[in-house]
Amino acid sequence: MNRKAFELAISTLILIILGVLVLIALTIVLTGGLERFKSSTKPFLDTAQSSSIKQACSLACDSQDRIIYCCNEYSVDSQKIKCSDSRLELSCELNCQGFNCEAQ
């Protein structure tokens, strides 16, 4: 078996695969596919509404207001969240576990 011819076939195959991948990437870039990708991976808190909710939750935490911090639900991008949601990236010492929102 001729090894040199076999190596040439593998390297040619690798070059063809790389060429196809480059063409696919070029097509995505030219058709605006990256804009769609960027908008789908936009951070959760990249809106003015979510920024104001984060500020309100921070104030509730600073004033130790468990009713607002633990019970109030806010709507961000059609998703319901509470101040204790980890996506808000708040560092608060208030513990909502065991707090009964219905009794308040």
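Values quoted throughout were computed directly from the atomic coordinates according to the rules given, and no laboratory measurement underlies them. A quick note: this is a predicted structure, and the numbers were derived from the prediction, not measured.
What the table shows:
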item	result
In order through the stretch 57-67: 3J(HN,Hα) via Karplus (6.51 cos²θ - 1.76 cosθ + 1.60), integer Hz, x for Gly, Pro	5, 5, 5, 5, 5, 4, 8, 6, 8, 5, 4
The stretch 53-104: Rg to Rh, with Rh as the Kirkwood radius over Cα pairs	0.93
